[in-house]
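Here is the structure we will look at.
The values are calculated or read from the model by the stated rules, or taken from the named source; none is laboratory data. Not measured: the values here are computed from a predicted model. Methodologically, a virtual Cβ is constructed for each residue, glycine included, from the backbone with ideal geometry; neighbour enumeration extends over all protein chains shown.
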Amino acid sequence: MNMMFGYNLPNRQREILELLTLDTTIKIPELCERLGVSSTTIRSDLKSLAAKGIITRVRGSIFPAFHPNITSKQKSKVDEKVRIAQAAADLVQDDDTIMIAGGTTAALVARFLLGKRDIHLISYSTLILPYVRTNPGIRLTLVGGEFRPYTESLVGTYAIEQLERFYARVVFLGADGFSLEHGLTANRVEDAVIAQKMAERGEIKVLLADSSKYGRRDSVSFLPMSKIDMLICDNGLPQDICKQLKAEIKVILV
């Protein structure tokens, strides 16, 4: 038996968790092939891991479990977030330098960079690690700081100081809420401060947010909409709001 996530796990369940950590896109048939067991056995192991709270299963996808805050966000607007991230990845060019801020939607951009060449990716989000560790086209700089499990990010003074050393052509930002009146907002001051600093270090600032975020005003405003160059959102955004936004910035609906 092996200790992982505070549990005594059988070897096969530990191997499943390690494979999921390396590749969150892996499916049951591939797990069966890699481990040499039947789908019934894999499903039983996944059920056991889910019951322990070690993994999360959403619409055929399997994720290692994170802080409940992260897990809840990963379950929300899954299809919309994937489309947004795919559209964002299309903006990335070979030999690019890009930055990815915190958040579950922004992290997904890294998943769709496979096939891009010589990308220098700078981030403070540890959510991107499963997507970049096996991608030879990405050179990752993860700024150091204090780890926050509820956002899977590295924040604080040291992380901000390190961001000052870098500059990117494109910065992909997230937000807990956004609106024309209040701009981009976050739940926590430390998240707002580091996202604001990252925005300062990029030429093109792209907000990635699903339509449910519009009109939400969280406790900390960190960037006015006038400082954003582009919004990528799902097509659930009301037409009148979309029209107002398009008068200020470029809007891509997916």
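The set of residues from segment 207-233 being buried (at least 18 other Cβ atoms within 10 Å of the Cβ) and assigned to a loop (DSSP other than H, G, I, E, B) comprises 209, 210, 218, 228. Given the structure, is residue 88 at pLDDT 90 or above, in the same structural domain as residue 212 (by TED's automatic domain parsing), among the hydrophobic types (A, V, I, L, M, F, W, C) and within 13 Å of the chain's Cα centre (by Cα)? Criteria met by residue 88.
Taking first residues from segment 175-187 that are in the same structural domain as residue 226 (by TED's automatic domain parsing) and touching a residue at least 60 places away in the same chain (Cβ under 8 Å) and partners that are buried (at least 20 other Cβ atoms within 10 Å of the Cβ) and β-branched (Val, Ile, Thr), the Cβ contacts under 8 Å between residues at least 6 apart in sequence or on separate chains come to 175/185. For segment 27-61, the set of residues classified as of a type outside the set (A, V, I, L, M), part of a loop (DSSP other than H, G, I, E, B) and in contact (Cβ under 8 Å) with a residue 12 or more places away in the chain consists of 27, 52, 53, 59, 60, listed by residue number. Do we have any residue at all in segment 211-222 that's in contact with a Cys (Cβ under 6 Å, 6 or more places away or on another chain) and at pLDDT 95 or above? Looking for residues that are in contact with a Cys (Cβ under 6 Å, 6 or more places away or on another chain) and at pLDDT 95 or above, one finds at least one in segment 211-222, hence yes. Applying the condition of being surrounded by 23 or more Cβ atoms within 10 Å (Cβ to Cβ) and touching a helix residue (DSSP H, G or I) at 6+ places or on another chain (Cβ under 7 Å) to segment 104-115 and asking which residue is farthest from residue 190 (Cα to Cα) yields 113. Does any residue of segment 158-174 turn out to be under 29 Å from residue 238 (Cα atoms), assigned by TED's automatic domain parsing to the domain that holds residue 227, at pLDDT 95 or above and not aliphatic (A, V, I, L, M)? For segment 158-174, residues under 29 Å from residue 238 (Cα atoms), assigned by TED's automatic domain parsing to the domain that holds residue 227, at pLDDT 95 or above and not aliphatic (A, V, I, L, M): present. Consider segment 165-183. How many of its residues are assigned to a strand (DSSP E or B), touching a helix residue (DSSP H, G or I) at 6+ places or on another chain (Cβ under 8 Å) and surrounded by fewer than 20 Cβ atoms within 10 Å (Cβ to Cβ)? Count: 2.
Restricting the search to strands (runs of 3 or more DSSP E) fully inside segment 95-145 and requiring at least 1 residues that are in the same structural domain as residue 192 (by TED's automatic domain parsing), in contact with a Gly (Cβ under 9 Å, 6 or more places away or on another chain) and at pLDDT 95 or above gives 97-100, 119-123. Here residue 31 fulfils each of the conditions (1) at pLDDT 85 or above; (2) surrounded by fewer than 18 Cβ atoms within 10 Å (Cβ to Cβ); (3) farther than 30 Å from residue 205 by Cα apart from (2). Might you let me know whether segment 116-130 holds any residue that is farther than 22 Å from residue 87 by Cβ and either more than 13 Å from the chain's Cα centre (by Cα) or surrounded by fewer than 20 Cβ atoms within 10 Å (Cβ to Cβ) (or both)? Yes, some residue in segment 116-130 is farther than 22 Å from residue 87 by Cβ and either more than 13 Å from the chain's Cα centre (by Cα) or surrounded by fewer than 20 Cβ atoms within 10 Å (Cβ to Cβ) (or both).
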